[in-house]
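Computed from the coordinates by the stated procedures, all read-outs in this text should not be read as laboratory data. Keep in mind it's a predicted model, so treat the numbers as computed, not measured. When we count neighbours, we look across all protein chains shown, and the Cβ atoms used for this are built from the backbone with ideal geometry, even at glycine.
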Amino acid sequence: MTTRKSYTLTEATKKVEYYCAYQERCHKEVAAKLREMRMIPEAIDQIIVHLIKENYLNEERFAHSFVRGKFNIKKWGKKRIELELKRRDISPFLIRTALKEIDNRAYQETLDTLIHKKLATLKESNIQKKKKKLADYLLYRGWESHLVYDKLNNLVK
């Protein structure tokens, strides 16, 4: 039988300070980490308040960082990013604000690039099946359906 380490308030605070300094976190992730460390609800609240006061935890900063990362690195569309932020209990206002960080021209260029890259890998000869595979791929990544279908109708013939 393995016994899990128990933490004092100070030890837990230091551990989650490092956890937050390493990478931007949302409140939900930090609370889950503290529950995993078997901290009581009062201690969790106290530590989260400390992290906010000391600027280790900032949901607005997290939302902006999340949007930049998922768009620039993973090439996700706005719908997928919005869904993932909602799952992390980020407020609708912060989600809207953070999504404004994506430049419209860069958004369109990224969609075009994704379409051309994926088209190059599709070996399907049936045009309708090819369009469906491409649309499914882009919709899964969170691109808006009207943008996807507009592009596909103009591109794949």
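For region 7-42, the set of residues classified as among the β-branched types (Val, Ile, Thr) and buried (at least 18 other Cβ atoms within 10 Å of the Cβ) consists of 13, 16, 30, listed by residue number. If you check 106, 98, which single one turns out to be touching a helix residue (DSSP H, G or I) at 6+ places or on another chain (Cβ under 6 Å) and either of a type in the set (D, E, K, R) or assigned to a helix (DSSP H, G or I) (or both)? Going through 106, 98 in turn, just one is touching a helix residue (DSSP H, G or I) at 6+ places or on another chain (Cβ under 6 Å) and either of a type in the set (D, E, K, R) or assigned to a helix (DSSP H, G or I) (or both): 98. Is it the case that region 60-73 has a residue that's more than 30 Å from residue 35 (Cα to Cα), basic (Lys, Arg) and within 21 Å of the chain's Cα centre (by Cα)? No, because not a single residue in region 60-73 is more than 30 Å from residue 35 (Cα to Cα), basic (Lys, Arg) and within 21 Å of the chain's Cα centre (by Cα). Scanning region 61-116 for residues that are surrounded by 18 or more Cβ atoms within 10 Å (Cβ to Cβ) and hydroxyl-bearing (Ser, Thr, Tyr) gives a single hit, 110. The set of residues from region 120-148 being loosely packed, with under 15 Cβ neighbours inside 10 Å and of a type outside the set (Gly, Ala, Ser) comprises 121, 122, 123, 124, 126, 127, 128, 129, 132, 136, 140, 146.
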